[in-house]
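What follows is one structure encoded as structure tokens, with my remarks underneath.
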Amino acid sequence: MTASPTVRSELLRQRSRSARLFLLPMILALAVVAGWPLIRTIYFSFTDASLTNIDAAKWVGFKNYLSWIQLKSGRTIYSGLLVDPAWWNAVWNTVRFSVISVSLEAIFGMIIALVLNAEFKGRGLVRAAILIPWAIPTIVSARMWGWMLNDQFGILNDLFMRVGLIDHPIAWTASSDTAMIAVLIVDVWKTTPFMALLILAGLQMIPGDIYEAARIDGAHPVKQFFRITLPLVKPALMVAIIFRLLDAMRIFDLIYVLTPNSAQTKTMSVLARENLIDFDKFAYGSAQSTLLFLVIALMTILAIWIGRVKLDGGER
């Protein structure tokens, strides 16, 4: 006996109501811990707020973003965030770091996930061990790698000199030529397991019968990867990339600890924190934080559009 359309419709409505009730506490929590601070930050970006006297903030409009003064000589002097070279350098550092790190992590994560998806003895132990770098707190990872990359007593310099890759110690985190490389190495080492974990979950959803049929047809493993594995795992891969892109665009702790005060690696989050706390330019730092939010939103939308990801799952 099958349920009538009326009964099925009522069940769907009940499920929808239940889903909204379960989501309500999460939405309220997000509104309190994320929504309200975001609104306040946007508001302060249009004021002259100071960290020492926030309540006395006065509305100044777009002055923190862009303002200009017309001199008697006819020359116009521009000021504000949109013409600040330090800000655009931080934007470039952030975008460059995000694109390179997420790309490398996606490639290495796919390779690791393919290996972990294969049948071999001790696979469970290897799967657990591969997550260790991701489980280590970022501050601890940054300190550990800072010692390893040190030009005085770092083990990597000693190892590279022993094998002949370099002829003198390199100050990896202090040199303008290698600071970004050092940050990328640490971030890729730490976060690749996260990518591998999400991609592995997608790989395990692919039915084994498809590969069996491909083998019977004589398809080469490389062809199987590009014709079967990659298209079917693409939704999980794009979710992993978007999550990592969101995380990479707001990178702070790794760079703040590993390469402090380095213009070559200073990101938008680090620069915003400096103005908010260190320089007591609270309104200016709020403007930087607001633009950081907008840049992250645009990058996420771009990733969703390029990856043809549907927000309700799957792909367009």
Q.
Just the residues that are part of a loop (DSSP other than H, G, I, E, B) and either surrounded by 11 or more Cβ atoms within 10 Å (Cβ to Cβ) or under 22 Å from the mean Cα position of the chain (by Cα) (or both), please, taken from the stretch 39-58.
A. 45, 46, 48, 49, 51, 57
Q. From the residues in the stretch 226-252 that are of a type in the set (Gly, Ala, Ser) and touching a Gly at 6+ places or on another chain (Cβ under 8 Å), which one is farthest from residue 101 (Cα to Cα)?
A. 236
Q: Would you mention how many residues in the stretch 224-261 are part of a loop (DSSP other than H, G, I, E, B) and over 12 Å from the mean Cα position of the chain (by Cα)?
A: 3
Q: Quick one: residue 36 ticks every box in (1) touching a residue at least 12 places away in the same chain (Cβ under 8 Å); (2) open to solvent by 60 Å² or more (accessible area, probe 1.4 Å); (3) not aliphatic (A, V, I, L, M); (4) not in a strand (DSSP E or B) except a single one, so which number is it?
A: (1)
Q.
Looking for something in a loop (DSSP other than H, G, I, E, B), open to solvent by 30 Å² or more (accessible area, probe 1.4 Å) and either among the polar types (S, T, N, Q) or touching an Asp or Glu at 6+ places or on another chain (Cβ under 8 Å) (or both) - is there at least one such residue anywhere in the stretch 153-168?
A. no
Q | Members of the stretch 90-122 that are over 22 Å from residue 189 (Cβ atoms), open to solvent by less than 60 Å² (accessible area, probe 1.4 Å) and assigned to a helix (DSSP H, G or I) | A | 90, 91
(Q) Name the residue that is modelled with the highest pLDDT, counting only residues in the stretch 279-303 that are open to solvent by 30 Å² or more (accessible area, probe 1.4 Å) and among the β-branched types (Val, Ile, Thr). (A) 295
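The values are calculated or read from the model by the stated rules, or taken from the named source; none is laboratory data. Bear in mind that the values here come from a model prediction, so they are computed numbers and not experimental data. Positions of Cβ are backbone-derived with ideal geometry, glycine not excepted, and every protein chain shown enters the neighbour counts. Just the protein is used for accessible areas: all its heavy atoms, side chains included, with ligands, DNA and RNA removed. Shrake-Rupley method; radii C 1.70, N 1.55, O 1.52, S 1.80 Å.
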